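Notes for the one structure printed next.
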Amino acid sequence: MTTIKVRRATAANWAAANPTLVDGEPAFELDTGHFKLGDGVTPYNALGFFAPGAGSGTYTNEQAQDTAASMLTTGVHTGISFVYDDANNRIDATVSGGTGGTYTNEQAQDTAAAMLTSGVHTGISFAYDDANNHLNATVTGGTGGTTGATGPAGPTGPSGATGATGPQGPTGLQGSTGPTGSAGSGVGPILLGEVVLADFERTVVSSGTGSQDWPTFNKTVTQGSKAMMVTLDCHVKASSVGSVVVGVLDGATVVAAWNLHIGTSGIAYHFYGESVALPVSSGSHTYKVQLRSVNTGNTVTGVCDSSFRASMKIIEL
């Protein structure tokens, strides 16, 4: 199917461009709904709007003058004739004789003007300028033609921006209870071994590199396929300011060490719940506590008495 599109723009854009339309070319104003038809000569701004129906629509002054002159010069007259001077926009009347008697030019002009100004007109009026012998025409509007058929719908415009989020709706009904999950193993950490020392004091005289184990402060356990953790609770003090190391060994391998700085000699430091995780290593393991000083000549004492108890726990996770 062939689609014919008419040239179209707003009235302001047509006026700014002011093209000369070819003969019979239509032009449509989008904001006024008016049409103009080109004649191949007249610029757009000088063209009148297309007026469907007799005596209707809007005309330029030139078009109104041409229309009025055509009405007068093509009529049937007796004793007088009319000539339209388009260049000067005037109608010249000449008395040619007849039953109406003999008239001067002025009388003939007055007679013709009276005929036209006293007539019944629709959409146009005439005023006689006797001093200048001009007949002026003014378009006053008309009833207008019939309304044309509705044109086809234009294409859908682009979607607008997303609006603001609306208020939160009411809480919905509670859903049904889901299925019960599978039961857990139910097995928590297991204490594999514990050793507690009381009423015991062990002194280590260190040259700065030596270390001593606490006697009887050891525990042998059998580890399975799970990880292990060793916790230590003890007190230590030194004869002078310096650093003290408390360690936990698995046989001869150090698995944990805590380096303490004693700022005042003779002051005991309490370590509670210090712990270290051990890697999985199946088999038998003997864990023990080691005490040493890293300052030459410093005497380090592990205190275990009725006030200060020491304990070591081996836990399976």
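Residue 28 exposes around 50 Å² of accessible area when a 1.4 Å probe is run over every protein chain in place. Here the peptides 152-158, 219-225 are ranked by packing, the mean other Cβ count within 10 Å, and the order with the highest first is 219-225, 152-158. Within a straight-line Cα-Cα reach of under 29 Å, residue 313 can be paired with the following lysines, leaving aside sequence neighbours fewer than 8 residues apart in one chain: 219, 226, 237, 288. Take each peptide in 13-25, 61-73, count the other Cβ atoms within 10 Å of every residue, and average; sorted highest first, the result is 61-73, 13-25. Remark: region 81-88, residue by residue, has Karplus-estimated 3J(HN,Hα) of 10, 10, 10, 8, 9, 5, 4, 9 Hz, where x stands for each Gly or Pro and the curve is 6.51 cos²θ - 1.76 cosθ + 1.60 at θ = phi - 60°.
Highest-first packing order for the peptide set 76-86, 38-48 is 38-48, 76-86, based on the mean count of other beta carbon atoms within 10 Å. In this simple spin-label model, placing a label point 7 Å from the Cα along the Cα-to-Cβ direction at both residue 196 and residue 30 gives a separation of 9.5 nm. A Förster radius of 35 Å combined with the Cβ-Cβ distance from residue 229 to residue 182 puts the calculated FRET efficiency at roughly 0.85. By the rule of a C-alpha distance below 18 Å, with chain neighbours fewer than 8 residues away ignored, the lysines paired with residue 5 are 36. Here the calculated FRET efficiency for residue 70 and residue 20, from their Cβ-Cβ distance with R0 = 25 Å, stands at 0.55, rounded to the nearest 0.05. Scanning residues 5 or more positions from residue 310 or on other chains, those with amide H under 5 Å from its amide H are 197, with H placed 1.01 Å from N in the peptide plane.
The values are calculated or read from the model by the stated rules, or taken from the named source; none is laboratory data. Keep in mind that this is a model prediction, so the values were computed, not measured. Neighbour counts run over all protein chains shown; Cβ positions are idealised from the backbone, glycine included. Protein only, heavy atoms only, side chains kept; ligands, DNA and RNA dropped before computing areas. Shrake-Rupley method; radii C 1.70, N 1.55, O 1.52, S 1.80 Å.
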